[in-house]
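J.: Have a look at this one.
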Amino acid sequence: MSSAVLEARDLSLTVERLNPTIGAEIGGVDLTQPLTAQLRDTLRGLLLKHKVLFFRDQDITRDQQVAFALNFGELYAHPTGGVETHRVVQPIAAENFKKYVANGESHWHTDTSWRIDPSFGAVLRAVTIPEVGGDTIWADGAAIYRGLPEDLKARIDDLYVIHDYQDALRRSGVNYPLVAHPIVRTHPETGEDIFWINFGLKPRIVDLDKAESDALLARLYEEVKRPEYHARFRWRKNSVAFWDNRAGLHFAVRDYGDFPRVMERVLIASDDIPHRVRPSA
Ligand code: SIN
């Protein structure tokens, strides 16, 4: 049993897994209160182990969401903007989908992967959610990679893929170079090999011609869709999710028609990010 789980017991936390390798609902935490150092370290350990943590019945304010996120690093203000009161609280609103994502479609993605130093993680709070629908699914990037046939692993091991967010960045007045990351990234803390493609940012595999790249991406997409790699979370009022963005992909299910679903997300910067913003900024 891992030390994170032993500590969870010491702190009277409950840990209910959603899938053998990804996702756990954590009980016994009150996110309206500051975390002790021991609780913070335990949650960080649980995050590394389960990749995404869920908390129910957390009636928290934006300030408390920001304070919780700050336990795990400095925050990153997304260039598409924040809510009126907090630059670092990014609204994820159904009405904006067409503005920032081609066709407004949902995709398996990672956050800020268009950056050289993508965010460490995120804290997402449900604000206005449909009675049913609007779930979010997280996919375990390590399990996806482990599950690939050996020949496919060997084929992608040294390949890079482009993460192209240039159109939305230009619309937001941001000039940032086009970035490619390895398809398989080593997680900086767990050492796991993580399958990491953002299918929402016009992926194109470097050094392959378009047809070859498209065919390989389509083959890999089949693997990402396998349900055994997924943790699917049904949102309720006052639910909060906290994920490790370096550990896999996620997907917002848009099955709620015109319902004006709104979530608020706080991004935690990577450790060496140059554009850090304090919550008061
Ligand atoms: C996100 O993709 O970061 C947000 C997911 C969601 O809206 O469910």
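The values are calculated or read from the model by the stated rules, or taken from the named source; none is laboratory data. What you are looking at is a predicted structure, and each value in this text was computed from that prediction instead of being measured. Cβ sites come from the backbone with ideal geometry, for glycine too, and all protein chains shown count toward neighbours. For the accessible areas, the whole protein counts, side chains as well, though only heavy atoms, and no ligand, DNA or RNA atoms are used. Shrake-Rupley method; radii C 1.70, N 1.55, O 1.52, S 1.80 Å.
J.: Restricted to the stretch 225-245, and to residues that are in a loop (DSSP other than H, G, I, E, B) and within 14 Å of the ligand (Cβ to nearest atom), which residue is nearest to Thr112 (Cα to Cα)?
T.: Here the answer is Asn245.
J.: Being away from the ligand (no atom under 16 Å from the Cβ) and either touching a helix residue (DSSP H, G or I) at 6+ places or on another chain (Cβ under 8 Å) or open to solvent by less than 30 Å² (accessible area, probe 1.4 Å) (or both) is the filter here; which residues of the stretch 160-171 pass it?
T.: Once the filter is applied, which keeps residues that are away from the ligand (no atom under 16 Å from the Cβ) and either touching a helix residue (DSSP H, G or I) at 6+ places or on another chain (Cβ under 8 Å) or open to solvent by less than 30 Å² (accessible area, probe 1.4 Å) (or both), the stretch 160-171 yields Val161, Asp167, Leu169, Arg171.
J.: Another one. For the stretch 202-226, which residues satisfy the criterion of being more than 18 Å from Ile144 (Cβ to Cβ) and touching a residue at least 24 places away in the same chain (Cβ under 8 Å)?
T.: Residues satisfying the conditions are Lys202, Arg204, Val206, Asp207, Leu208.
J.: Of the conditions (1) open to solvent by less than 30 Å² (accessible area, probe 1.4 Å); (2) within 16 Å of the ligand (Cβ to nearest atom), Glu105 clears all except one; give me its number.
T.: Among (1) open to solvent by less than 30 Å² (accessible area, probe 1.4 Å); (2) within 16 Å of the ligand (Cβ to nearest atom), the lone unmet condition for Glu105 is (1).
J.: If you take the residues of the stretch 125-158 that are among the small types (Gly, Ala, Ser) and not in a loop (DSSP other than H, G, I, E, B), which of them is nearest to the ligand (Cβ to nearest atom)?
T.: Ala126
J.: Moving on to the next point. Which one of these does Ser270 not meet: (1) assigned to a loop (DSSP other than H, G, I, E, B); (2) open to solvent by 30 Å² or more (accessible area, probe 1.4 Å); (3) touching a residue at least 60 places away in the same chain (Cβ under 8 Å)?
T.: Going through (1) assigned to a loop (DSSP other than H, G, I, E, B); (2) open to solvent by 30 Å² or more (accessible area, probe 1.4 Å); (3) touching a residue at least 60 places away in the same chain (Cβ under 8 Å) one by one, Ser270 breaks only (2).
J.: Are any of the residues in the stretch 79-97 open to solvent by 20 Å² or more (accessible area, probe 1.4 Å), away from the ligand (no atom under 14 Å from the Cβ), assigned to a helix (DSSP H, G or I) and not β-branched (Val, Ile, Thr)?
T.: no
J.: Follow-up. When only residues in the stretch 183-221 that are buried (at least 17 other Cβ atoms within 10 Å of the Cβ) and part of a strand (DSSP E or B) count, which is farthest from the chain's Cα centre (by Cα)?
T.: Ile205
J.: While we're on this one: Can you confirm whether Ala122 is within 30 Å of Gly28 (Cα to Cα), open to solvent by less than 20 Å² (accessible area, probe 1.4 Å), within 15 Å of the ligand (Cβ to nearest atom) and part of a helix (DSSP H, G or I)?
T.: For Ala122, the condition - within 30 Å of Gly28 (Cα to Cα), open to solvent by less than 20 Å² (accessible area, probe 1.4 Å), within 15 Å of the ligand (Cβ to nearest atom) and part of a helix (DSSP H, G or I) - is not met.
J.: Okay, moving on. Within the stretch 140-151, is even one residue among the aliphatic types (A, V, I, L, M) and surrounded by fewer than 17 Cβ atoms within 10 Å (Cβ to Cβ)?
T.: No, that holds for no residue.
J.: Still on this structure, please answer the following. Return the residue satisfying two criteria in turn: it lies in the stretch 262-272 and is more than 14 Å from the chain's Cα centre (by Cα) and either at pLDDT 95 or above or closer than 18 Å to Val66 by Cα (or both), and of such residues it is nearest to the ligand (Cβ to nearest atom).
T.: Val262
J.: A follow-up question, please. Need the failing condition index for Asp117 against (1) assigned to a loop (DSSP other than H, G, I, E, B); (2) buried (at least 19 other Cβ atoms within 10 Å of the Cβ), just the number.
T.: Status for Asp117: all satisfied but (2).
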